[in-house]
Amino acid sequence: MGRLTRWLLAAALACAVGVIAADAAAAFDGFGTLEADSAYGQNITFEVSLDGGAPDELELLLRTPGSDAAFVVPVDASGTRASYVWNTAVDYVTPNTLVTYQWRAFDGDEVTVSDEATIRYDDDRPGLDWQSRQLGEATVHWYGDAEAQAVRFGELTALGVERGEERLGTTLAGPVDVFVYASRDAFFGALGPGAREWTGAAAFSEIRTIFMWNSAEAGSQAYLETAMVHEVTHIVFHDATDNPFHEPARWLNEGIATWSEAGDAGGDRAIVENEASGGGLFAFDAITEQFPIGERGGRLSYAQGTTMVDLIVDTYGPEALARMTAAYRDGASDEEALEAGTGIPADELYADYYASFGVEAPTPIEPEPIAPSNVDRPTAGEVDPGGVDPDAERPPDEGSPSEDGEPSGGGFDVGLIVLLAAASAAAGLAAVAVSRRAERRARS
Ligand SMILES: [Zn+2]
């Protein structure tokens, strides 16, 4: 048997084995054990065993709190196990997020889904030896020697929840987790790359989690306690306004949280008064989605929200807030919610607000018209129609030496053509020689 024949037979056998293996792989018979593991800031790994072998196609469905749809990841599968690694070093995921996952297989005409399972993405960085205690609706987590401080935060959370529930006419939809970090680095490591550098505390309402940074650097004890009440009010506000249509106005959310710190506008009135007589105030429409990044714009946005909430409570009673949150739950727009709370159209409420600071409501700034160009443009010259003029003078003889003795451009071209022709002829001869040799060898 020739060498080639032996190779072909081996290949044919390999194909047969391949077919048998594919048949076995098609015998997917459901999902076995589901497993998941995570390392904070690195990854979340999902694994599943495939009874009978891999299906034709496999997907992993991932869901996080607050998202209305699953994120679908196609996963390559062969054999009886499959896994997917979610690279959370690239895709930031907030710690304490409860990830719900499910596997889905397509095999022939059949679609099979696994049970749903969850994994909590814990902040398990080295050195964070978490301890926790439950205080009413709050579970506080701390490490190191911060127990007393953590317990104090837990008590403040309970107080903030109680006050918030009463003011906003709601009951908390679930427990709240509070994580107390001991250093700025550890705290910002939890908040991810989008955090503002001045952040001292942060609430992630969707996952009902508050992150605090407990150190003298973060602020005084009074500041930390105020911040705690502020953040927990955000979570109560989230529950009080939760709806599938839109987020309530940011100025209102921050305004209620800041106003709740002490139950009044505090020093924010002076900030608005000062800006009203200086650079001017923002339209509420301008601070509905986002606040300016700059310190001055950010501070004024918070202050306008807080003083507006103060005006609403003073004029229309504290129940106005609960009427507004109830309207949001029913799907009201910002304007409709403000009217539901106060009984007057939103435009009128805005006008009253600006009047209380002695200014007119800001109006949109119209763009300046674009003036005609004042650039001097060169006048267009005669257009060259291109092509070859048959009456034009013939170019000098090709190949004639130029004045400095070097061959002219034309001569060089001809030389090149001659060289190319020679090379091509040589290649042709070589090809003939090679093919003849090949013929001779084939006959031997
Ligand atoms: Zn806030």
Checklist outcome for this item: Scanning segment 93-137 residue by residue, those at positive phi and buried (at least 17 other Cβ atoms within 10 Å of the Cβ) turn out to be Asn96
Checklist entry - Which residues, counting only those in segment 241-269, are more than 15 Å from the ligand (Cβ to nearest atom) and assigned to a helix (DSSP H, G or I)? => result Arg269
Checklist entry - Got a sec? Which of Ile287, Ile293, Ile256, Ile271 is modelled with pLDDT of 95 or more, within 34 Å of the chain's Cα centre (by Cα) and surrounded by fewer than 20 Cβ atoms within 10 Å (Cβ to Cβ)? => result Ile271
Next on the checklist: Being out of contact with any Phe, Trp or Tyr (no Cβ under 8 Å at 6 or more places or on another chain), without any contact (Cβ under 8 Å) to a residue 40 or more places away in the chain and not aromatic (Phe, Trp, Tyr) is the requirement here; does Ser220 meet it?
Outcome noted: yes
Checklist entry - Pick from segment 206-242 the residues that are charged (D, E, K, R) and over 19 Å from Leu168 (Cα atoms): which of them is surrounded by the fewest Cβ atoms within 10 Å (Cβ to Cβ)? => result Glu217
Next on the checklist: So, Ala89, is that one in contact (Cβ under 8 Å) with a residue 24 or more places away in the chain and either among the charged types (D, E, K, R) or surrounded by fewer than 19 Cβ atoms within 10 Å (Cβ to Cβ) (or both) or not?
Outcome noted: yes
Checklist outcome for this item: Flagged pairs (Cβ under 6 angstrom, 6 or more apart or on separate chains; first in segment 35-61, farther than 14 Å from Ile119 by Cβ; second of a type in the set (Asp, Glu)) are Asp51/Asp29; Gly52/Asp29; Pro55/Asp107; Asp56/Asp107
Item to check | Pairs, first within 13 Å of the ligand (Cβ to nearest atom) in segment 278-306, second in a loop (DSSP other than H, G, I, E, B) and charged (D, E, K, R), C-beta under 9 Å, six or more apart | outcome: Gly298/Arg196; Thr306/Asp264
Item to check | Answer from Ala203, Ala148 - the residue that is surrounded by 21 or more Cβ atoms within 10 Å (Cβ to Cβ), without any contact (Cβ under 8 Å) to a residue 60 or more places away in the chain and hydrophobic (A, V, I, L, M, F, W, C) | outcome: Ala203
Next on the checklist: Taking the criterion of being under 22 Å from Tyr40 (Cβ atoms), among the small types (Gly, Ala, Ser) and modelled with pLDDT of 95 or more, would at least one residue in segment 116-137 satisfy it?
Outcome noted: yes
Checklist entry - Considering segment 315-364 alone, what residues qualify as being part of a loop (DSSP other than H, G, I, E, B), within 17 Å of Val272 (Cα to Cα) and over 37 Å from the mean Cα position of the chain (by Cα)? => result Phe357, Gly358, Val359, Glu360
Checklist entry - Residues in segment 93-114 that are assigned to a loop (DSSP other than H, G, I, E, B), touching a Phe, Trp or Tyr at 6+ places or on another chain (Cβ under 8 Å) and not hydroxyl-bearing (Ser, Thr, Tyr): how many? => result 3
Checklist entry - In segment 60-70, is there at least one residue being of a type in the set (Lys, Arg) and surrounded by 17 or more Cβ atoms within 10 Å (Cβ to Cβ)? => result yes
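The values are calculated or read from the model by the stated rules, or taken from the named source; none is laboratory data. All values reported here derive from a predicted model rather than from experimental measurement. Neighbour counts are summed over all protein chains in view; Cβ atoms, including those assigned to glycine, are modelled from backbone coordinates with ideal geometry.
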